[in-house]
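FYI, it's all coordinate maths here, none of it is from the lab. Bear in mind the structure is a predicted one, so any value in this text is a computation, not a measurement. Glycine gets a Cβ as well: all are built from the backbone with ideal geometry, and neighbour counts include every protein chain shown.
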Amino acid sequence: MNKYVFVTVFMCALALTNAKPSHDKEEENDSSPKSDLSEFNKIAQYVNDEYNTTVLLDAVKMIEKINEKCPNIQTQIDSVGEEVHNCMVGVELGNDTLCHMVKTHLVRCLKPIGVVINTCLPEESKGLPILVEKMVQGLINQACESTVEEILELFNPCIFETDTEDVHACQEADAVIEEYRNKLPSKSLVCHTLPKARNCVKAMVEGSCKNPITQNSVLKFHDAAEHAIKEDCDVLNKA
């Protein structure tokens, strides 16, 4: 489950970084897509070293693959950057809670970036940004419905103690991830892998975390991500 949290934070941070408008040419020259990715790669390596998970390093590889398939992606993202920025700064809190504001506006404001990325993805990967949007929205909704204790349990050190290689229930999911580690995934792959990932997550958290609150919190967030794309996956499965 910790993997979903990391991926969500990482991808949102990357989107926000790419979306910021550049008004200073000198500053613009100092900030290139490669340098941005290099900085995130350092974060990914730190997470890997500290928490024994390659999920962010895999995310970096996926971004690199997108850049290969879409050589002009940065220019296209820059073209909608002002729109995203204006959407963000135009949000007024008023009487809304922070949770309501994020639920209502975050995915909506970042949507133009997803549209741009989707247009240049290969046919088998088209629709992935939409799935990611829905999963992020599902995770945000779950976070807003959870108690502070439940959210804090997602970072309980016990979650990071077990390596997936040591858990039998993770072998199938690990095999799929390894096969596609250097490829762009497809919608059907995501739909096919999530249920297997749940079995893995459940076995890991129940094996290393004895507190029922920790176990339930982790599975709630996984189920929120899976439920958010259930309709899309059902359509694919019927096709």
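Under the Kirkwood approximation applied to all pairs of distinct alpha-carbon atoms, what is the hydrodynamic radius of segment 76-224 in Å?
Radius from the Kirkwood sum: 17.6 Å.
Tell me, 213, 113 in order of fewest to most beta-carbon neighbours within 10 Å?
213, 113
Ranked by Cβ crowding within 10 angstrom, fewest neighbours first, how are 200, 120 ordered?
Lowest count first: 120, 200.
For residue 45 and residue 165 in the same chain, what is the full-extension length gain: residue separation times 0.36 nm, less their Cα-Cα distance, in nm?
So the chain would gain 41.3 nm between residue 45 and residue 165.
Of 235, 136, 218, 167, how do they rank once you tally other Cβ atoms within 10 Å and put the fewest first?
Starting with the residue having the fewest Cβ neighbours, the order is 235, 167, 136, 218.
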